[in-house]
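I have placed the structure first, in the form of structure tokens, so that the comments after it can refer back to it.
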Amino acid sequence: MNIVFMGTPAFAVPSLRMLLSEGYNVVAVVTQPDRPQGRKKVLTPTPVKEVALEHGIPVLQPQRMRSPEAVAALAAYKPDLIVTAAYGQILPKSVLELPANGCVNVHGSLLPKYRGGAPIQRCIINDETETGITLMYMAEGLDTGDMIAQVKVAIDEEDTSGTLFEKLSLAGAELLKEQMPRLAGGRVEAEKQDDAQATYAPNLKREDEKIDWNASTRDIYNQIRGLVPFSGGFALWNGDVFKVWAARKADKASKDAAPGTVLQLTDQGIEVKTGDGSLWLTRVQPSGKKQMEAAEFVRGNTMAPGTVLA
């Protein structure tokens with residue numbers, strides 16, 4: 001059976017490695033184009049491409065999977081099954097109809113909840129305590145295909161998007177491993193989604209990263225951990241971006257003040273008033289500098305109690 005694997009970030013790597021270690025015939029990998037990374041803008045291959053190159057697997061990197069040229073290049077590999085995991089582009093009908101055994105996707109939520117491009121971040125931001133992986137057949141809609149199997153994964157109080165991505169990537173690879181013998185035999189019976197129960201997880205935008213100090217302590221805490229390690233939350237200090245990469249909830253505010261007011265700066269970090277209490281910022285990044293522990297920032301900067309973070 002010819003398998004084409006489509007994926008881009010580290011989330012997809014365990015699923016690809018599983019297929020290779022189990023001896024499945026991965027004839028090609030499709031991933032996003034190389035992108036500039038870091039301050040020096042070094043052109044960098046995707047994590048999935050790096051694995052493919054390790055194993056000598058041909059790699060396709062179309063700018064648009066919908067283009068006739070991209071579809072023709074993919075069709076040349078005569079895929080019997082296409083497996084996707086966080087590929088990053090919506091597949092056209094011309095691709096979905098290529099493999100006789102279908103296109104299956106390893107999706108990072110318990111569908112029909114959290115359809116879309118940021119299900120892992122959004123479930124943390126929304127204070128969910130459980131999520132999971134759905135193995136599904138792909139359809140033309142946004143994560144609307146029939147569900148083959150699911151596995152649940154708990155969200156711990158200290159989880160960030162980074163730690164949850166890792167948990168779900170491993171759970172996805174394991175679920176795919178369990179189902180591959182069935183999928184290799186042809187299309188399997190799958191459950192239709194209840195569209196009435198659907199919720200959506202659109203990709204995060206800049207405004208999703210801005211901290212509103214009028215919100216509750218818990219909401220801000222969830223926002224920050226949902227954005228880590230990809231962007232972090234941010235406020236404004238003296239008109240410049242002041243990023244927050246880690247925080248912890250305070251038992252109660254040490255004093256009363258307007259939301260956004262710095263209450264105290266200690267070795268524990270920076271205590272900031274919220275809408276219903278306060279939050280300790282424990283890892284921060286002033287504009288133009290690297291991330292640092294808040295205790296280090298406190299020792300070397302001019303922020304003082306009474307400062308208002310906008």
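No value in this document is a laboratory result; all are computed from the given coordinates. These numbers come from a predicted model, not from an experiment. Backbone-built Cβ (ideal geometry, glycine too); neighbour counts: all protein chains shown.
Summary table
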| read-out | value |
| --- | --- |
| Partner lysines for K252 [C-alpha distance under 17 Å; skip if fewer than 8 residues away on the same chain] | K273 |
| Cα centroid of segment 196-265 to Cα centroid of segment 132-153, whole Å | 31 |
| Kyte-Doolittle mean at least -0.5, axial Cα span of 18 Å or more - DSSP H helices of the chain | 161-184 |
| Gained length - A295 relative to Y200, 0.36 nm times residue gap less alpha-carbon distance | 30.4 nm |
| Pairs beyond 25 Å (Cα-Cα), from K40/K290; K177/K205; K167/K290; K113/K205; K49/K290; K167/K210 | K177/K205; K167/K290; K49/K290; K167/K210 |
| Spatial extent of segment 26-107: Rg and Dmax, with the Cα atoms as the point set, Å | 13.3, 44 |
| Ellipsoid equivalent to segment 222-310 - semi-axes via the Cα gyration tensor, in Å | 18, 15, 12 |
| Zero-based 5 Å bins, Cα pair distances in segment 3-197, whole percents | 1, 8, 17, 20, 21, 17, 10, 5, 1, 0 |
| Span from the segment 272-308 Cα centroid across to the segment 52-129 one, whole angstrom | 40 |
| Rel. contact order, % - alpha carbon contacts under 8 angstrom, at least six apart, segment 3-197 | 21 |
| Estimated [θ] at 222 nm from DSSP helical runs (n ≥ 4, -39500 (n - 2.57)) normalised by residues in the chain, nearest 500 | -7500 deg cm²/dmol |
| Order by protection proxy (mean Cβ within 10 Å, highest first), peptides 226-239, 100-113, 176-189, 131-144 | 100-113, 131-144, 226-239, 176-189 |
| Packing rank of 191-198, 26-33, where each peptide gets the mean count of other beta carbons within 10 Å, highest leading | 26-33, 191-198 |
| For segment 3-197, share of DSSP beta bridges that run antiparallel, in % to the nearest 5 | 50 |
